[in-house]
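See below for the structure under consideration.
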């Protein structure tokens, strides 16, 4: 018996990349998981990991308050992981209204449903390193102001603050995560640099870098991410009302990242550096300090960037016909 055995857990965004891995880890540890699915998308991470038959999947949206309250009550949900969101920066710039509806309204509807549901004892909400926006000094720490101003970033600022406000105003047992860029098996958002590059390389096509290759980012492997979510939920009394950064402490330029993928895949290709103008809101350098979560709960990334990329490449080699 471990902590999650026979616990009733609700995961929003379970059909997405990170949500599916959290669901997988919960199922492996014996939890009864209820998932919310808005769209029956074809390339669905929940199906890639064969989780649909091991979970209860409810069709609906975060903007349906009555559904959320009924679901939490009927399934006697104890723990909630809130990852449901419009998560693509470019899509947010093109369609800010739908992004705000899902990411902001969806968050306060869920927080309110949790507040009035007696069974809910622990909630972890996904914010993002993007909520920090631009700062002169890096790495970001949890004390940095949330300066995210563009649509996706701003929606995550709101998600972050709303969740923590429910902890401080109503004693709702909720904590917030701010992760660096997450990568690993099952990411179907191929506009992201890691899956997009891997699939190009596996097809023997030169991967494309939109920028000049110099932007700096931090990447954290999805298994480390899922562990972080579960750890915060397990320690919710000590984490309540706070936000926690999760990262590796290893930064990489985009050109170096793409060249690593090419090398680890055993290919000889030259990336195409396009030197395009930055997308609105794109920041030259973003990386985090995870010192707080390490000191408080002992979390640290266990998978190096090279090892994580190897595992990810291997997964896409097996599944690329489906993506």
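The values are calculated or read from the model by the stated rules, or taken from the named source; none is laboratory data. Computed from a predicted model, the values in this text were never measured in an experiment. Cβ sites come from the backbone with ideal geometry, for glycine too, and all protein chains shown count toward neighbours.
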Exercise. Does any residue in the range 185-213 that is on the phi < 0 side of the Ramachandran plot and modelled with pLDDT of 95 or more come within less than 6 Å, Cβ to Cβ, of a residue that is surrounded by 15 or more Cβ atoms within 10 Å (Cβ to Cβ) and in a strand (DSSP E or B) six or more places away or on a different chain, and which pairs are these?
Worked result: 194/183
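Scanning the range 271-294 for residues that are farther than 27 Å from residue 175 by Cβ and either in contact with a helix residue (DSSP H, G or I) (Cβ under 8 Å, 6 or more places away or on another chain) or part of a helix (DSSP H, G or I) (or both), which turns out modelled with the lowest pLDDT? If you could, list the steps in order and put the result at the bottom.
Start the filter on the range 271-294 by keeping residues that are farther than 27 Å from residue 175 by Cβ, which leaves 271-280, 282, 284.
Subsequent filtering for residues that are either in contact with a helix residue (DSSP H, G or I) (Cβ under 8 Å, 6 or more places away or on another chain) or part of a helix (DSSP H, G or I) (or both) retains 271, 273, 279-280, 282.
Details: 271: 92, 273: 89, 279: 54, 280: 49, 282: 65.
Restricting to residues being farther than 27 Å from residue 175 by Cβ and either in contact with a helix residue (DSSP H, G or I) (Cβ under 8 Å, 6 or more places away or on another chain) or part of a helix (DSSP H, G or I) (or both), the top hit is 280.
Restricting to the range 3-37, what's the tally of residues that are over 16 Å from residue 226 (Cα atoms) and surrounded by fewer than 24 Cβ atoms within 10 Å (Cβ to Cβ)?
Keep residues of the range 3-37 that are over 16 Å from residue 226 (Cα atoms), which gives 5-8, 32, 34, 36-37.
Next cut, surrounded by fewer than 24 Cβ atoms within 10 Å (Cβ to Cβ) only: 5-8, 32, 34, 37.
Residues meeting the conditions: 7.
Quick check: anything in the range 146-159 buried (at least 17 other Cβ atoms within 10 Å of the Cβ), assigned to a loop (DSSP other than H, G, I, E, B) and in contact with a helix residue (DSSP H, G or I) (Cβ under 6 Å, 6 or more places away or on another chain)? Outline the logic, then answer.
So in the range 146-159, the residues buried (at least 17 other Cβ atoms within 10 Å of the Cβ) come out as 146, 148, 150-159.
Filter once more, keeping what is assigned to a loop (DSSP other than H, G, I, E, B): 146, 148, 150.
From what is left, the residues that are in contact with a helix residue (DSSP H, G or I) (Cβ under 6 Å, 6 or more places away or on another chain) are 146, 148.
Yes, some residue in the range 146-159 is buried (at least 17 other Cβ atoms within 10 Å of the Cβ), assigned to a loop (DSSP other than H, G, I, E, B) and in contact with a helix residue (DSSP H, G or I) (Cβ under 6 Å, 6 or more places away or on another chain).
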Exercise. Taking the range 85-119 as the region of interest, how many residues are at pLDDT below 95 and not in a helix (DSSP H, G or I)?
Worked result: 5
For this session: Determine if the range 42-64 includes at least one residue that is in contact with a strand residue (DSSP E or B) (Cβ under 9 Å, 6 or more places away or on another chain), buried (at least 22 other Cβ atoms within 10 Å of the Cβ), under 25 Å from residue 155 (Cα atoms) and modelled with pLDDT of 95 or more.
Result: yes
For this session: Spot the failing condition for residue 88; the list is (1) surrounded by fewer than 16 Cβ atoms within 10 Å (Cβ to Cβ); (2) touching a residue at least 40 places away in the same chain (Cβ under 8 Å); (3) more than 25 Å from residue 312 (Cβ to Cβ), and only one is missed.
Result: (3)
